[in-house]
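The structure appears right after this line, and notes come after that.
The values are calculated or read from the model by the stated rules, or taken from the named source; none is laboratory data. This structure is a prediction, so every number in the text was calculated from the model and none was measured. As a convention, Cβ positions derive from the backbone with ideal geometry for all residues, glycine included, and neighbour counts pool all protein chains shown. Surface accessibility is based on the protein's heavy atoms, side chains included, excluding ligands, DNA and RNA. Shrake-Rupley method; radii C 1.70, N 1.55, O 1.52, S 1.80 Å.
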Amino acid sequence: MIILVLGVSGSGKTTIGQQLAATLHWQFQDADDFHPAANIEKMRHGIPLTDGDRAPWLLALQQAITVWLQTNTNTVLACSALKARYRQQLIQSSTQVKQVYLKGSFALIQQRLQQRQGHYMKADLLQSQFDTLEEPEDALWVDIDQSSVAIVAQIRAALGV
């Protein structure tokens, strides 16, 4: 099984994903690690990514998901996957990929991004993330205005893992 932890930058995908994977004894992967260097440079300089920029990143993620499913490698993947078509490309038709959407207000996430150190994604790109976001209809929605322990427990209970 793959649990795809979705949301805009600063919603807690990595933190929640790592904690969830640790409690399940599954592997954790961060979709940020699949970005080509050119994408990271653009974001570091405050330039929003285009669909063309995201294409090789999405293909690399799709290929990784296919391998994890074929090898029965249980994985928690933190991934923005802001648009419905991105999620469709990643999930394809697999029933073994579960989506968890970390939902939070712009103000809360902006505050988190302003406090974050050492990450290439800057707070001034947050509006572009919200503008791009197509909230998933077929995901477990989790309010991020609670502790990470509570969020992980909610995900585990809802997904039965």
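If we scan region 78-93, do we find a residue that is more than 17 Å from the chain's Cα centre (by Cα) and at pLDDT below 95? Spell out how you get there, then give the answer.
Filtering region 78-93 down to residues more than 17 Å from the chain's Cα centre (by Cα) leaves 93.
Adding the requirement that they be at pLDDT below 95 leaves 93.
The answer is yes; a qualifying residue exists.
Given the structure, is residue 95 open to solvent by 30 Å² or more (accessible area, probe 1.4 Å), farther than 25 Å from residue 12 by Cβ and in a helix (DSSP H, G or I)?
Details: open to solvent by 30 Å² or more (accessible area, probe 1.4 Å): yes; farther than 25 Å from residue 12 by Cβ: yes; in a helix (DSSP H, G or I): no.
Criteria not met by residue 95.
Do we have residue 100 as farther than 29 Å from residue 38 by Cα, in a strand (DSSP E or B) and of a type in the set (Val, Ile, Thr) here?
Numbers: farther than 29 Å from residue 38 by Cα: no; in a strand (DSSP E or B): yes; of a type in the set (Val, Ile, Thr): yes.
So residue 100 does not fit the description; no.
Which count do you get for residues in region 33-49 that are under 17 Å from the mean Cα position of the chain (by Cα) and under 17 Å from residue 60 (Cβ atoms)? Reasoning before the result, please.
First, the residues of region 33-49 that are under 17 Å from the mean Cα position of the chain (by Cα): 33-36, 39-40, 43, 48-49.
The next check asks that each one be under 17 Å from residue 60 (Cβ atoms); those that pass are 33-36, 39-40, 43, 49.
Residues in region 33-49 being under 17 Å from the mean Cα position of the chain (by Cα) and under 17 Å from residue 60 (Cβ atoms): 8 in total.
Could you check residue 44 against (1) open to solvent by less than 50 Å² (accessible area, probe 1.4 Å); (2) farther than 28 Å from residue 23 by Cβ; (3) among the basic types (Lys, Arg) and say which number it fails?
(1)
Give me the residue from region 103-155 that is acidic (Asp, Glu) and closer than 14 Å to residue 8 by Cα and, out of that set, modelled with the lowest pLDDT. Lay out the reasoning, then the answer.
Initially, region 103-155 is screened for residues acidic (Asp, Glu), giving 124, 131, 134-135, 137-138, 143, 145.
When the remaining residues are screened for being closer than 14 Å to residue 8 by Cα, the result is 124, 131, 134-135, 143.
Working: 124: 63, 131: 90, 134: 96, 135: 96, 143: 97.
Only one residue fits best here, namely 124.
Here's the yes/no breakdown for (1) within 27 Å of residue 154 (Cα to Cα); (2) in contact (Cβ under 8 Å) with a residue 40 or more places away in the chain; (3) assigned to a helix (DSSP H, G or I):
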site: 8; (1), (2), (3): yes, yes, no
site: 11; (1), (2), (3): yes, yes, no
site: 21; (1), (2), (3): yes, yes, yes
site: 28; (1), (2), (3): yes, yes, no
site: 39; (1), (2), (3): no, no, yes
site: 49; (1), (2), (3): no, no, no
site: 86; (1), (2), (3): yes, no, yes
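In this structure, is residue 73 part of a loop (DSSP other than H, G, I, E, B), modelled with pLDDT of 95 or more, surrounded by fewer than 16 Cβ atoms within 10 Å (Cβ to Cβ) and β-branched (Val, Ile, Thr)?
Numbers: part of a loop (DSSP other than H, G, I, E, B): yes; modelled with pLDDT of 95 or more: yes; surrounded by fewer than 16 Cβ atoms within 10 Å (Cβ to Cβ): yes; β-branched (Val, Ile, Thr): yes.
For residue 73, the condition - part of a loop (DSSP other than H, G, I, E, B), modelled with pLDDT of 95 or more, surrounded by fewer than 16 Cβ atoms within 10 Å (Cβ to Cβ) and β-branched (Val, Ile, Thr) - is met.
Got at least one residue in region 56-67 being surrounded by 14 or more Cβ atoms within 10 Å (Cβ to Cβ) and either touching a Ser or Thr at 6+ places or on another chain (Cβ under 9 Å) or not in a helix (DSSP H, G or I) (or both)?
Of the residues in region 56-67, the ones surrounded by 14 or more Cβ atoms within 10 Å (Cβ to Cβ) are 56-58, 60-62, 64-65.
Now narrow it down to the ones that are either touching a Ser or Thr at 6+ places or on another chain (Cβ under 9 Å) or not in a helix (DSSP H, G or I) (or both): 64-65.
Within region 56-67, one or more residues are surrounded by 14 or more Cβ atoms within 10 Å (Cβ to Cβ) and either touching a Ser or Thr at 6+ places or on another chain (Cβ under 9 Å) or not in a helix (DSSP H, G or I) (or both).
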